[in-house]
Structure formats: C-alpha cells, structure tokens
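Asks: A single structure is presented below for examination.
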Amino acid sequence: MTEHSILFVCLGNICRSPLAEGVMQAEAKRLGLPVKIDSAGTGDWHIGRAPDPRARAAAKRHGMDIEYLKARQVTPEDFMQFDTIYALDQQNLKDLQAIRPEGARAELKLLADEIPGRVGTDIVDPYYSEDDSAFDVTVADVKAAIAAIVNKLHA
Ligand code: 4NP
C-alpha cells in the first residue's frame, strides 16, 4: 500500500482539525496504515498554540493525546504536498477553494461527505459552545468520518 497523505482543515486549528488528526493517527497506528496526517486552520489567530484545553480534555476522554500539536495556518503549498485535504465545514471548504492553486495535487473534500447521511453538512464548530459535551460530538463525528476513510484506504 503506498503512503497516503491527508490534511484536515478547520478555522482555528485548535478544536476540530486537531481532534480529526488525533483520531486518524490513532486509527492509522492501530491498523498499521501507511499514512501521513496533519491539520491546519484557515485563520491565523492561534498559530503556534496547542489545541484548546476542552479539545485536549475530550481527546483524553477518548483515549487520545493531542497535547503535542501546534496550530498552523494552511498554505497554497499544502495543495501540492497532500493527496487529500478535508474541510471540516462548508465555510472552510469555500476558504480553501479560494486559495487552491492551479495544478493542485490535493483532492479537496468536505469531511462530513464521508459520513453516511451527512453529505453536504458541517462538523459543527464547538469553540463557542458553553457545554463541553460539544467536543464529544466533534469526536463522534470525526470518528464516523474517519472510519469510512480508513475502510476505503484498507480496500
Ligand atoms: P476550530 O474552532 O476551527 O474547530 O479550531 C475555532 C477555534 C477558534 C476560533 C473559532 C473556531 N476563533 O474564532 O478564535
């Protein structure tokens, strides 16, 4: 199996895409999949920061460690480096389409399109939620999407 590279992109790169990165890393390790995984944000506010404490806590609740991750902003070069770029919501997808260079290598997709019954929908941003369980919803959503991605990579 040749190595497949995947970039997950949300707005801040401190909540949803680091959780997607963490889930995908865990699945790749569990199944021995040859994948390169990263995450980034369309925005620049949190560059260099670790994931939001609520995302780190949710990761821990689900047996993952994402404390070591550092936020970065997506760049046009990412479209040359990765095979697939997954946008976590429809606004992220629009923002990525706007910076997609001519001759991009990466296939650009909406992450929820991988979840049966969720085509065209968002992985909802938990950042402004007052309830930490919003982060468990994020984990459940990214797990559902990644289960489908992993099935395809395995096939
Ligand atoms: P994320 O969540 O895109 O899932 O990382 C957000 C993080 C920060 C902000 C918005 C969403 N913010 O406005 O700072």
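Rule-based calculations on the coordinates, nothing more; no lab input. Please read these numbers as outputs of a predicted model, since none were measured by experiment. Glycine gets a Cβ as well: all are built from the backbone with ideal geometry, and neighbour counts include every protein chain shown.
Asks: Looking at region 80-97, I want the residues that are over 12 Å from ASP113 (Cβ atoms) and more than 11 Å from the ligand (Cβ to nearest atom) and have a partner that is of a type in the set (Asp, Glu) and assigned to a strand (DSSP E or B) with Cβ atoms under 8 Å, at least 6 apart or on another chain. Which pairs are those?
Replies: PHE82/ASP38; ASP83/GLU107; ILE85/GLU107
Rundown of residues vs (1) in contact (Cβ under 8 Å) with a residue 12 or more places away in the chain; (2) in a strand (DSSP E or B), yes/no style:
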site	(1), (2)
VAL9	yes, yes
PRO18	yes, no
VAL23	yes, no
ARG30	no, no
LEU33	yes, no
ILE37	yes, yes
ASP44	yes, no
ARG49	yes, no
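Asks: Inside region 29-47, can you point out the residues that are within 14 Å of the ligand (Cβ to nearest atom) and loosely packed, with under 14 Cβ neighbours inside 10 Å?
Replies: ASP44, TRP45
Asks: Something else: Looking at this structure, is ILE115 of a type in the set (A, V, I, L, M) and within 13 Å of the ligand (Cβ to nearest atom)?
Replies: It is false that ILE115 is of a type in the set (A, V, I, L, M) and within 13 Å of the ligand (Cβ to nearest atom).
Asks: When only residues in region 51-70 that are in contact (Cβ under 8 Å) with a residue 40 or more places away in the chain and acidic (Asp, Glu) count, which is farthest from GLN97 (Cα to Cα)?
Replies: ASP65
Asks: Now, a different point. Which is acidic (Asp, Glu), surrounded by fewer than 13 Cβ atoms within 10 Å (Cβ to Cβ) and in contact with a strand residue (DSSP E or B) (Cβ under 6 Å, 6 or more places away or on another chain), of GLU77, GLU102, GLU107?
Replies: Answer to the selection: GLU107.
Asks: Of these, TYR128, TYR86, which one is touching a Phe, Trp or Tyr at 6+ places or on another chain (Cβ under 6 Å) and either more than 21 Å from GLY22 (Cβ to Cβ) or not β-branched (Val, Ile, Thr) (or both)?
Replies: None of the others qualify; the one that does is TYR86.
Asks: Okay, next question. Within region 51-69, can you find the residues that are in a loop (DSSP other than H, G, I, E, B) and away from the ligand (no atom under 13 Å from the Cβ)?
Replies: HIS62, GLY63, MET64, ASP65, GLU67, TYR68
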